[in-house]
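The values are calculated or read from the model by the stated rules, or taken from the named source; none is laboratory data. The structure displayed is predicted, hence computed values, not measured ones. Here Cβ is always computed from backbone atoms with ideal geometry, including for glycine, and neighbour counts include all displayed protein chains.
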Amino acid sequence: MLVEEDLELEEQLRFLNKPAVTTIQTKSGDTYNCVNYYEQPAFDHPALKNEKYKYQMRLSNNKGKKEKNTIWLNGYGCPVGTVPIKPITKDDLIRAKSASNMYDSKVRPQDESYPGLHTQRGSCYNTLCPAPAFILETSEIPLDYAFPQISQRGGDIYSTGFFVYKDKANGDWYLQVGTKGVGIGRWPQKMFGALADSASYIEWGGQVITPPNVPSPEMGSGHQLPLSLDERYDAVCNQIRLIDENNNEVNPEDTETLRDIVTVYDVVDLGRRGQEGRVIVYGGNGGYTGN
């Protein structure tokens with residue numbers, strides 16, 4: 001690594017790792033800093049820095065009360081007024097930069113003729129960039145936490161819900177997680193181009209990424225193809241629904257399947273299946289090596 005690159009990473013770490021009010025741990029052993037809401041990295045973004053106080057943190061439901069079904073050793077998460085953010089290391093930034101570079105070089109720019117998975121050159125693959133645009137708004141659930149319970153192929157199955165919606169009042173995009181729809185945070189409207197007004201394309205499924213000439217990882221259950229087409233044995237997305245501009249629920253009908261390395265990964269649209277709604281299964285054993 002060049003000296004200039006190393007100094008750039010050090011500077012980036014200084015911006016990302018904000019002072020902690022306190023430090024807490026998950027039951028799986030991950031450490032998180034509880035950072036003052038208005039000092040989180042998102043508010044370093046030039047578009048948000050001078051108007052961060054227009055945003056307000058969502059009221060926490062825990063108020064310091066311990067709960068059994070929590071990922072935290074302390075039973076409730078961060079103190080009110082702070083948000084949980086995992087400390088970032090130099091290795092984290094190097095991996096994130098590698099992933100972003102691969103996206104920039106291998107994924108075509110998004111346009112109406114080729115929708116799908118895209119990245120904008122200079123953007124970050126997740127929140128590991130100098131000023132991420134996602135504002136965390138809960139003291140209970142971090143954006144990157146590890147699921148405490150993992151499904152076993154043919155055994156116990158665990159699931160959760162994800163809901164992304166656009167607020168008609170302020171135009172921001174919000175993320176909710178879990179069966180109870182716990183609000184995690186938002187992407188402010190001003191951070192987007194076309195998405196500032198609406199979304200015209202939505203994807204469900206799995207995605208993995210590795211550096212060139214490194215064997216690709218497993219996806220879903222990690223089982224060798226073909227998929228079993230059974231929700232007990234394959235990774236699954238179900239209850240797939242859309243919310244239109246009038247806030248009406250719409251069942252997606254005009255869909256297509258996209259897959260690239262068909263020798264080790266696959267996705268199958270099973271259509272509507274009773275109470276499960278629209279269902280797709282996906283996965284694969286990985287092991288592909290190439291560019």
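General remarks:
- Exactly one residue out of Gly271, Gly286 is surrounded by fewer than 17 Cβ atoms within 10 Å (Cβ to Cβ) and farther than 29 Å from Ala196 by Cβ, and it is Gly271.
- Residues that are buried (at least 16 other Cβ atoms within 10 Å of the Cβ), of a type in the set (Phe, Trp, Tyr) and farther than 20 Å from Gly29 by Cα within the stretch 134-158 comprise just one, Phe134.
- Looking across the stretch 2-46, not a single residue is hydrophobic (A, V, I, L, M, F, W, C), surrounded by fewer than 12 Cβ atoms within 10 Å (Cβ to Cβ) and in contact (Cβ under 8 Å) with a residue 60 or more places away in the chain.
- Gln224 being under 30 Å from Asp172 (Cβ atoms), touching a residue at least 40 places away in the same chain (Cβ under 8 Å) and either touching a strand residue (DSSP E or B) at 6+ places or on another chain (Cβ under 9 Å) or surrounded by fewer than 14 Cβ atoms within 10 Å (Cβ to Cβ) (or both): no
- Boolean, Gln239 is loosely packed, with under 13 Cβ neighbours inside 10 Å and either in contact (Cβ under 8 Å) with a residue 60 or more places away in the chain or assigned to a loop (DSSP other than H, G, I, E, B) (or both): yes
- Qualifying residue in the stretch 63-81 (condition: under 30 Å from Gly171 (Cα atoms), assigned to a helix (DSSP H, G or I) and at pLDDT below 85): no
- Residue match in the stretch 245-257 (condition: under 23 Å from the mean Cα position of the chain (by Cα), surrounded by 15 or more Cβ atoms within 10 Å (Cβ to Cβ), part of a loop (DSSP other than H, G, I, E, B) and modelled with pLDDT of 85 or more): no
- Lone unmet requirement of (1) closer than 30 Å to Tyr76 by Cβ; (2) under 18 Å from the mean Cα position of the chain (by Cα); (3) of a type in the set (S, T, N, Q) for Gln189: (1)
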